[in-house]
Amino acid sequence: QVQLVESGGGLVQAGGSLRLSCAASGRTLSSYAMGWFRQAPGNEREFVAAISRSGGNTDTADFVKGRFTISRDNAKNTVYLQMNSLEPEDTAVYSCAAAALPDSNWAPTDFYDYDYWGRGTQVTVSS
């Protein structure tokens, strides 16, 4: 029902910043709560950040609090992940996901709450 395409990944030095984008098509982004997850080789998928359909509620993983910010621009059908103070440990493939939820104020943190996934974008942070 909705297709998601991430962009904005790349190579950055430790302490630098990147802004990831997730563009939606097929359905308007306002219909979904949105989340960002990441997965490094050999590691499990990790929750990074989520934002409710309303945009009023967000949640972030402890390891990114104060560094990453999730936001959405429904007019552009796009969700963003602003990443600051990047560390080598942040190196991973970052994927966005959409959840069709009746609760407009819920920002899910579990991968199984999401219905649609993008292919991901690689973020590499060098020392």
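Which value, in debye to the nearest 20, gives the size of the charge dipole of the chain about its Cα centre, when Lys and Arg are +1 and Asp and Glu are -1 at the Cβ?
It works out to roughly 440 debye.
Go through the stretch 94-101 residue by residue and turn each phi into a ³J(HN,Hα) via Karplus (6.51, -1.76, 1.60, θ = phi - 60°); whole Hz please, and just put x for glycine and proline.
Result, rounded to whole Hz: 9, 10, 9, 9, 10, 10, 7, 10.
Return the inverse of the average 1/r over all pairs of distinct C-alpha atoms in the chain, which is the Kirkwood hydrodynamic radius, in Å to one decimal.
It works out to 14.2 Å.
Explain nothing, just compute: Karplus ³J(HN,Hα) = 6.51 cos²θ - 1.76 cosθ + 1.60, θ = phi - 60°, for every residue of the stretch 60-73 in order, whole Hz, x for Gly and Pro.
These are the phi-based 3J(HN,Hα) values: 9, 5, 4, 6, 10, 4, x, 10, 10, 9, 9, 8, 9, 10 Hz.
Only Cα pairs under 8 Å and at least 6 apart count here; give the relative contact order of the chain as a rounded whole percent.
In percent, rounded to a whole number, it is 36.
Under 14 Å from the Cβ of Ala24, count the other residues' Cβ atoms, weight Lys and Arg +1, Asp and Glu -1, and hand me the total.
Once all neighbours under 14 Å are counted, the net charge is +2.
What ranking of Arg19, Arg67 comes out by heavy-atom accessible area, probe 1.4 Å, highest first?
Correct descending sequence by accessible area is Arg19, Arg67.
Counting Lys and Arg as +1 and Asp and Glu as -1, what is the net charge of the other residues whose Cβ lies under 14 Å from the Cβ of Ala50?
Computed value for this residue: -2.
Within the chain, what whole-number % of the accessible surface is contributed by carbon and sulfur, with the 1.4 Å probe and all protein chains included in the calculation?
Within the chain, the accessible surface is 44 percent carbon and sulfur.
Can you give the three extents of the C-alpha atoms in the stretch 66-127 along their principal axes, from longest to shortest, in whole Å?
Reported extents, whole Å, longest axis first: 43, 23, 21.
If you count only protein heavy atoms with a 1.4 Å probe, what accessible area per residue comes out for the stretch 6-127, rounded to a whole Å²?
49 Å²
The values are calculated or read from the model by the stated rules, or taken from the named source; none is laboratory data. What you are looking at is a predicted structure, and each value in this text was computed from that prediction instead of being measured. All Cβ positions, even for glycine, are placed from backbone atoms using ideal geometry, and neighbour counts span all protein chains on display. Heavy atoms of the whole protein, side chains included, go into the accessibility calculation; ligands, DNA and RNA do not. Shrake-Rupley method; radii C 1.70, N 1.55, O 1.52, S 1.80 Å.
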